[in-house]
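Read the structure below first, then the notes.
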Amino acid sequence: MVMDWRHEWLTSFTSTAEHSGGIVLGGAVAVLLLTRYTRWGRQFRRLAFAYFRPGRTWAGWRLLLTLLLLLWLTVLGVRLEVLLSYASNGLFTSLQAMNADTFWFHVFVIGVLAAIYVSSSQLAYLIAQRLTIRWRTWLNDHALADWLNGRAYHRGRFVTAPVDNPDQRIEQDISMFAQQSYGLSLNAIAAALRLMSFTAVLWSLSGAMTIFGYQVPRAMVFLAYAYVIIASFVAFRIGRPLIRLNFLQEKLSASYRYALMRLMDNSENVAFYGGEGVERTTLTARFSSVIGNAWAYAKRSLRLQVFNGAVSQASVVFPYIIQAPRFFHRTISLGDVTQTADAFGQVHDALSFFRNSYGDFASYRATLERLTALMDANQESRALSGPAVIHRADALEIEDLRVWRPNSQPLIEGLTLSLSPGQALLVRGPSGSGKTTLLRSLASLWPHAHGIVRRPVGTHTLFLSQQPYVPLGSLRTALAYPEPGDLISEDRAREALRWVQLGHLEDRLDDETHWTRTLSPGEQQRLGFARILLTRPSLAFLDETTSAVDEGLEHALYRLIRERLPQCMLVSVGHRSTLSAFHTHHLHLLGAGRWGIDAAPG
């Protein structure tokens, strides 16, 4: 085929536009079918469609226009590859004909085409990276919002199938999903285009061939397709277990990392016990599972790689062997032989796309499973039962509250009580009677509860656990939590620290360190009381928040709250008799759902 290089730019522009339009229509149909009839297609729709829906804003339409530009650049890249194959044909044919002028003309054409190809490829890469980063940002924001919404990050542990390592799914899997979605889809489109384009080239260069006594026209095309289809079928059979092994590799590795982090977080307790031997046994067992799965993955991957490598190497010489008789009979030129080899390689690579990308596709399927599993767990956690919490600014009212264990064993049956501003309730009972679980139920953290709770909501209520949470950041941030640290002035922060006998930390307000490890348990509990003084809630729940301090300091902290916040309602869980003086009512949990309430003496 002789190319008209003077007018080829117009032909190529028209061709790329037509192919782009066809791909848009064909892609839309393919996406519709995949998202309706395949599990992984439906998973992709859940994760991606909300981002790519154009809506009524310019930003949404700009995203679609950018995708169309990226698609056109992909089509252009394939068209340039076809033109380069024809230019190379002319180059080698002119060498064979000893025609210097034609040779240098094709050198010039190849130089121009190569410059355009490199420029368009780099532009496509830049656009793809920009889209990937923006999509990853959007996915991260929505995944975080979904995980935090309805306290799914906590209530997710109560669902039917709790997910492991949500941190890995949000940070790592989202990045992989965005990158692999673009990579696999664009490479699949490019492979389909190369298959169609170079099949046409191969068809024009192929001749008849006798196979088992039968004359086969255009034999090169049929041999290429048969060669790759058979190889792909075998490769799928070899590589199919990689999907499950990839999923297990991520799960087992995350479990091992969690065990290491848990040892770091509890290093002092482990050191006190001298538990290094037990920890080493646990870590070694988890690491052995990782290594066992890694060996299984490596062995299976090795089989696939050996097979793919053999098939790819054989495909290099295959077209030369087929076309050599025609060349020796001067039926075709040297340029036709080299273009045949190039076209055969392109058809081979295009047909081999899914075979060569099986490992990537297996990883992609596993990523989809992990992300949608997190979404399912979040949704299920928000649907779990719990008491109805109604805002009431000036009281705490509990009406017919029932709390039970996950095995349906009752902890509290029919609890009804009320507190007015300034009153305080001390909850007592033997271990396992449900004291902490009661506070969790009032905070809507425990799903195995039912009833009506009227109380202040939002920042008007503060819950403090036995070990108060200390967030990452500065000491000022820890003091103000859950509000931003810049909302409290330095004078107020310093004053609060002095009130709770943490004055030695005044000059470290803006130091950023690991405060959970820096502060002792008693200091962390005093930090919690400083939060109460700064946020001034209408209602505070205190779950053994003075267990790490002595009775004298406990008395001083509670007296401080009563004097500084006389209208604040308190609900405390504690065992010490010294707490009675700071509470107006006592709730006794007696076990098996029974309870009793009375006013504090004198």
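Cα axis of helix 58-96 to longest principal axis of the chain: angle in degrees, 0 to 90, nearest 10?
That helix lies at roughly 30 degrees to the long axis.
In whole Å, what three semi-axes, largest first, describe the equivalent ellipsoid of the chain built from its Cα gyration tensor (square root of 5 times each eigenvalue)?
Details: eigenvalues 988, 130, 102 Å².
Equivalent ellipsoid of the chain: 70, 26, 23 Å, largest first.
Sort Met3, Met569 by accessible area with a 1.4 Å probe, largest first.
Met3, Met569
To the nearest 10 degrees, how steep is helix 100-148 against the longest Cα principal axis of the chain, on a 0 to 90 scale?
Between helix and principal axis, roughly 20 degrees.
Just subtract the alpha-carbon distance of Thr38 and Glu171 from 0.36 nm times their residue separation and send over the number in nm, one decimal.
Numbers: separation 133, 0.36 × 133 = 47.88 nm, distance 2.61 nm.
Roughly 45.3 nm would be gained on extension.
Express as a percent, rounded to the nearest 5, the fraction of DSSP beta bridges in segment 448-594 (both residues included) that run antiparallel. Show your work: numbers first, answer last.
On the way: 2 of 11 bridges.
Taking every DSSP beta bridge within segment 448-594, about 20 percent pair in antiparallel fashion.
Quick one: length gained pulling Thr66 to Thr513 fully straight, 0.36 nm per residue minus the C-alpha distance?
Numbers: separation 447, 0.36 × 447 = 160.92 nm, distance 4.33 nm.
Stretched out fully, the Thr66 to Thr513 stretch lengthens by 156.6 nm.
Accessible area, 1.4 Å probe, largest first: how do Lys251, Lys299, Lys435 sort? All intermediate terms of the calculation are to be shown ahead of the outcome.
Working: Lys251 100, Lys299 125, Lys435 15 Å².
Result, largest first: Lys299, Lys251, Lys435.
Of all the Cα-Cα pairs you can form in segment 453-602, what percent are over 25 Å apart?
Value for segment 453-602: 29 percent of Cα pairs lie more than 25 Å apart.
What percentage of the solvent-accessible surface of the chain, computed with a 1.4 Å probe over protein heavy atoms, is contributed by carbon and sulfur atoms?
Solvent-exposed carbon and sulfur of the chain make up 60 percent of the total.
Could you state the number of Å between the C-alpha centres of segment 309-377 and segment 551-602?
Rounded to whole Å, the Cα centres lie 75 Å apart.
Please compute the net charge surrounding Ala190, taking Lys and Arg as +1 and Asp and Glu as -1 over other residues with Cβ under 15 Å from its Cβ.
Cβ neighbours under 15 Å give a net charge of -1.
Once you place label points 7 Å from the Cα toward the Cβ at Val278 and Val317, how far apart are they in nm?
If labels sit at Val278 and Val317, their model points lie 6.5 nm apart.
Full-extension gain between Asp360 and Ser420, please, as 0.36 nm times their residue separation minus the C-alpha to C-alpha distance.
Computed gain between Asp360 and Ser420 is 15.4 nm.
Pairing the Cα long axis of helix 242-265 with the longest principal axis of the chain, what angle in degrees results, from 0 to 90 and rounded to the nearest 10?
For helix 242-265, the angle is close to 30 degrees.
Determine how large the accessible area of Asp400 is when every protein chain is in place; take a 1.4 Å probe and give Å² rounded to the nearest 10.
Only protein atoms counted, so the area is about 90 Å².
Give the long-range amide H neighbours of Gly429: residues separated by 5 or more places, or on another chain, with amide H under 5 Å away, using H modelled in the peptide plane at 1.01 Å from N.
Amide H to amide H, under 5 Å and 5 or more residues apart or across chains, Gly429 pairs with Leu589.
Let's test the formula: R0 of 25 Å, r as the Cβ-Cβ distance of Ser385 and Thr459. What FRET efficiency results, to the nearest 0.05?
0.45
Post the alpha-carbon centroid distance, segment 120-152 to segment 398-416, in whole angstrom.
If you average the Cα positions of each part, the centres end up 44 Å apart.
Skipping prolines and chain starts, which residues have an amide H placed within reach, meaning under 5 Å, of the one on Phe463, given they are 5 or more residues away or on another chain?
Phe541
Could you go through segment 18-30 in sequence order and give the Karplus-derived ³J(HN,Hα) for each residue, using 6.51 cos²θ - 1.76 cosθ + 1.60 with θ = phi - 60°, rounded to whole Hz, and x for Gly and Pro?
5, 5, 4, x, x, 5, 4, 5, x, x, 4, 5, 4
Using each residue's phi in segment 316-328, evaluate 6.51 cos²θ - 1.76 cosθ + 1.60 at θ = phi - 60° and report the 3J(HN,Hα) Karplus result to the nearest Hz, with x for Gly and Pro.
5, 8, 4, x, 5, 5, 6, 8, 4, x, 5, 5, 5
So if the hydrodynamic radius of segment 52-194 is defined as the Kirkwood radius over C-alpha pairs, what does Stokes-Einstein give as its diffusion coefficient at 4 °C and 1.567 mPa s, in µm² per second?
Rounded, D is 69 µm²/s.
Write down the percent of antiparallel bridges among all DSSP beta bridges whose residues are both part of the chain, to the nearest 5.
50
Based on DSSP, what percent of beta bridges with both residues in segment 304-458 are antiparallel, to the nearest 5?
The answer is about 75 percent antiparallel.
For the chain, report the accessible area per residue in Å² (1.4 Å probe, heavy atoms, rounded to an integer).
Accessible surface, normalised per residue, equals 53 Å².
Points 7 angstrom from Cα along the Cβ direction at Ala30 and Ala581: gap in nanometres?
7.8
Once amide H atoms are placed 1.01 Å from N in the peptide plane, what residues at a sequence separation of 5 or more from Trp595, or on another chain, have their amide H within under 5 Å of its amide H?
Here the answer is Leu590, since their amide H atoms fall under 5 Å of that of Trp595.
Please turn the phi angles of segment 399-407 into ³J(HN,Hα) values with the Karplus equation 6.51 cos²θ - 1.76 cosθ + 1.60 (θ = phi - 60°), one per residue in order, whole Hz, x for glycine and proline.
With the stated coefficients, segment 399-407 comes to 10, 6, 7, 10, 10, 9, 6, x, 8 Hz.
Given labels modelled 7 Å from the Cα in the Cβ direction, how far is it in nm from Ser408 to Ala599?
Going from the Ser408 label point to the Ala599 one covers 4.1 nm.
The values are calculated or read from the model by the stated rules, or taken from the named source; none is laboratory data. Just so it is clear, the structure is predicted and the values come from calculations on it, not from any experiment. Positions of Cβ are generated from backbone atoms using ideal geometry, with glycine treated the same way; all protein chains shown enter the neighbour counts. Protein only, heavy atoms only, side chains kept; ligands, DNA and RNA dropped before computing areas. Shrake-Rupley method; radii C 1.70, N 1.55, O 1.52, S 1.80 Å.
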